[in-house]
Each structure stands twice: as C-alpha cells, then as structure tokens.
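Below: the structure, in structure tokens.
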Amino acid sequence: MCFSWADLKNIFSAPLFKLPLPIISLAMQKMFKNPNTQNMIKNHMLQGLSEWIDGYYEVLKTGTECGVHMPPGPHT
C-alpha cells in the first residue's frame, strides 16, 4: 500500500511517528520488551510463519514500487 503523507493522519499509530526519534525508539523498545507482546509474536510465528514472511516481502515489494527506500530482505 502506498500512502501520501496526508493519508498518515488516518492511521492510528501515525501520530507516534511525529515524535523525536529517541522517544519513538524508547516507546518501541518498551513495547517489544513486554512479555505479553513477545508471547503474542512468538505464538503468531508458530502458527503462521509463512504468512509473516509473505507479508514482509509484500511490504518490501510495494514500498519499492512506490519509490520508498526499503532495506533489503534477508534473502534478497
């Protein structure tokens, strides 16, 4: 999916990304260190790792097509 900057205001978490990077980094760190978040991710991965991989490559492809610099995937 390609969004213009104007479209970002309609995405729930978008206001978070208007904050300075150090604050965003701390918030993301805190979220991913939470045991509940870690368990959710692990359980999703056990049941649908192939879906996560497909989704990752779909985002990578779409971002590249939209002209967004995308870091290469682990197998690209």
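The values are calculated or read from the model by the stated rules, or taken from the named source; none is laboratory data. Every value quoted in this text rests on a predicted model; they were computed, and no experiment measured them. Don't worry about glycine lacking a Cβ; one is built from the backbone with ideal geometry, like all the others, and counts go over all protein chains shown.
Between residues in region 23-47 that are without any contact (Cβ under 8 Å) to a residue 24 or more places away in the chain and surrounded by 11 or more Cβ atoms within 10 Å (Cβ to Cβ) and residues that are of a type in the set (Asp, Glu) and in a helix (DSSP H, G or I), which pairs lie under 9 Å by C-beta distance while being six or more apart or on different chains?
His44/Glu51
State yes or no: is Phe3 at pLDDT below 75, surrounded by 12 or more Cβ atoms within 10 Å (Cβ to Cβ) and of a type in the set (A, V, I, L, M, F, W, C)? Show your work before the answer.
Working: at pLDDT below 75: yes; surrounded by 12 or more Cβ atoms within 10 Å (Cβ to Cβ): yes; of a type in the set (A, V, I, L, M, F, W, C): yes.
Yes.
So which residues in region 6-22 are assigned to a helix (DSSP H, G or I) and either surrounded by 10 or more Cβ atoms within 10 Å (Cβ to Cβ) or modelled with pLDDT under 80 (or both), if there are any at all?
Restricting attention to region 6-22, the residues satisfying the condition of being assigned to a helix (DSSP H, G or I) are 6-10, 14-18, 21-22.
Of everything in region 6-22, those that are assigned to a helix (DSSP H, G or I) and either surrounded by 10 or more Cβ atoms within 10 Å (Cβ to Cβ) or modelled with pLDDT under 80 (or both) turn out to be Ala6, Asp7, Leu8, Lys9, Asn10, Ala14, Pro15, Leu16, Phe17, Lys18.
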